[in-house]
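So the structure is just underneath, and the comments pick up after that.
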Amino acid sequence: MNGTNLLKIALRALGNNKLRAFLTMLGIIIGVASVIAMLAIGQGSKLSIQSQIAEMGSNMIMIHPGADRMGGVRQDPSSMQTLKLADYESLLNETSFLAAVSPSVSSSGQLIAGNNNYPSSVSGVSPDYLQIRQLSVEKGEMFSPADIQTSAKVCIIGQTIVDNLFPGEDPIGRTIRFNQIPFRVIGVLKSKGYNSMGMDQDDVVLAPYTTVMKRLLAQTYLQEIFASALTEELTEQAIDEVTTLLRRNHKLKETDDDNFTIRSQQELSEMMNTTTGLMTTLLACIAGISLVVGGIGIMNIMYVSVTERTREIGLRMSVGARGIDILSQFLIEAILISITGGLIGVFLGCGASYLVNLLAHWPIYIQPWSVLLSFVVCTLTGIFFGWYPAKKAAQLDPIEAIRYEGRVHPQLHRADAHPPGPSCAPPHRAADSARQPQADSPPHLHLAD
């Protein structure tokens with residue numbers, strides 16, 4: 001029996017039970033759609049986080065003072081004074097893998113402008129800080145190296161500061177007082193909103209680091225140094241170079257621990273990717289349970305189909321059908337159910353993903369491999385769960401299969417073999433009785449007294 005005939009037989013069998021076939025497909029449809037939608041949401045969230053981290057500077061390197069031990073007690077890193085201006089200057093002039101370097105010091109307090117006030121902090125940085133953090137000035141200008149040399153009392157502010165201190169006004173040229181020190185606003189940063197960790201990136205006031213160190217903090221050490229590698233791929237080389245340079249500046253021996261800590265944005269990106277990847281895998285596994293349930297439904301229906309068509313199988317085998325033909329017939333039915341359900345599930349999953357993006361505004365990204373994987377899995381599910389019932393059908397004994405329906409419905413077959421008529425007597429006995437003369441009455445025996 002060729003493949004075309006087997007396909008026609010399978011389509012005819014499914015067409016005779018349309019509702020049952022659709023209900024069997026439903027498990028596959030829901031499973032495929034769930035897998036595609038969950039993977040799209042998970043991958044969309046992952047790309048969104050990566051994009052927000054890239055906006056903060058994907059090749060950014062952060063250098064902090066390291067915790068030290070005094071008398072066996074580990075000290076707070078924030079109280080350490082291991083980073084100096086000399087370290088910043090060395091990183092600025094003696095490195096080959098860094099594109100930009102900026103010191104960082106900050107002071108918290110209350111910002112006052114006229115009758116408005118707002119709690120925030122002033123960060124002392126260099127002009128390279130904008131390049132490192134992927135910031136840009138929307139209005140006005142950035143302070144210059146001359147402002148750093150003279151410790152000028154100037155600043156640039158974020159949009160959150162503008163909204164709270166200068167609502168509906170142009171802040172350029174206005175004065176902000178911070179801890180009794182006046183700062184003239186010379187620029188406004190372009191708004192960036194909240195980052196992936198919920199921090200307001202527009203709640204920022206930037207001033208020359210020399211101004212903050214001398215006029216606000218009265219200190220000579222740095223709280224942090226920001227740097228940017230030439231490319232994201234060169235981040236590790238840049239970290240090694242920074243480590244070597246700082247250990248030399250701090251005169252550390254080979255056996256001494258670092259008195260500074262280096263972190264990169266790449267580490268944060270990898271950590272977030274691991275977390276989102278784990279969540280995506282978990283969601284996909286939960287959705288994949290539907291595929292298993294759908295496969296069990298296919299096996300169940302194929303068992304029912306084999307039972308219902310046992311006599312048909314026997315007749316086909318008695319006229320020359322081989323076991324492989326019977327196996328192929330039922331296997332094709334199972335695969336057709338899986339493939340059709342898979343196609344419907346793909347369209348439903350893609351539609352559900354776009355609907356989630358439209359209504360809930362969740363980021364989504366449908367990867368072609370996720371669609372292909374779901375389709376291949378549902379096809380393999382049909383083959384796996386349809387093979388055993390098909391194999392059972394192929395191993396039936398033709399004679400037993402033909403007799404199977406007779407055992408199930410014995411009354412129906414007796415009725416078909418001997419239809420009811422005017423007489424239940426056999427035909428030859430009816431003819432004999434017709435040839436014998438009929439007596440008016442049966443003879444009576446008279447017994448003598």
I need Ile301, Ile326 ordered by Cβ neighbour count within 10 Å, fewest first. Ile301, Ile326
What helices in the chain pass both tests, a Cα length along the helix axis of 20 Å or more and a mean Kyte hydropathy of -1.0 or higher, using whole DSSP H runs? 18-57, 235-249, 265-308, 323-360, 368-394
Provide Trp369, Trp387 in ascending order of the number of other Cβ atoms located within 10 Å of each residue's Cβ, fewest first. Trp369, Trp387
Residues whose placed amide H lies under 5 Å from that of Leu111, excluding near-sequence neighbours: Tyr118, Ser120
Scalar couplings 3J(HN,Hα) for the range 122-138 by Karplus 6.51 cos²θ - 1.76 cosθ + 1.60 (θ = phi - 60°), nearest whole Hz, x for Gly and Pro, are 10, 9, x, 9, 10, x, 5, 4, 5, 5, 5, 8, 6, 9, 8, 8, 8
Rounded to the nearest Å, what's the spacing between the alpha carbon centres of the range 103-149 and the range 11-34? Just the number, please. 64 Å
Here are several values of P(r) over Cα pairs in 20 Å bins from 0, in percent: (1) 26, 60, 14, 0; (2) 24, 53, 22, 0; (3) 18, 28, 20, 16, 10, 4, 3, 1, 0. Which one was derived from the coordinates shown? (3)
For Met199, Met302, Met62, Met279, what ranking results if the residue with the fewest other Cβ atoms within 10 Å of its Cβ goes first? Met199, Met279, Met62, Met302
Taking N as the residue count of the range 81-258, its alpha carbon Rg divided by 2.2 N^0.38 Å gives 1.10
With the cut-off at 1.5 for a/c, could you classify the range 177-259 from its C-alpha gyration tensor as rounded, prolate or oblate? oblate
Would you list, by chain and number, the lysines whose Cα falls below 25 Å from the Cα of Lys214, excluding same-chain residues fewer than 8 positions away? Lys84, Lys153
Hz values of 3J(HN,Hα) by residue in the range 217-234 - Karplus curve (6.51, -1.76, 1.60), Gly and Pro given as x: 9, 6, 9, 10, 9, 9, 7, 6, 10, 9, 9, 9, 6, 4, 9, 5, 5, 9
Take peptides 336-347, 115-126, 3-14, 98-109 and line them up by average Cβ neighbours within 10 Å, highest first, as a rough protection proxy. 336-347, 98-109, 115-126, 3-14
Which whole-number percentage describes the relative contact order of the chain, with Cα contacts under 8 Å and a sequence gap of 6 or more? 27 percent
Given axes a ≥ b ≥ c from the Cα gyration tensor, I'd like to know whether the range 249-332 is rounded (a/c under 1.5), prolate (a/b larger than b/c) or oblate. prolate
Sequence-distant residues sharing a close amide H with Phe183 (under 5 Å, placed H): Ile176, Arg177, Phe178
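Coordinate-derived values only; no laboratory data. Keep in mind that what you see is a predicted model, and the values were worked out from it rather than measured. Because the Cβ atoms are built from the backbone with ideal geometry, glycine has one as well, and the counts that use them run over all protein chains shown.
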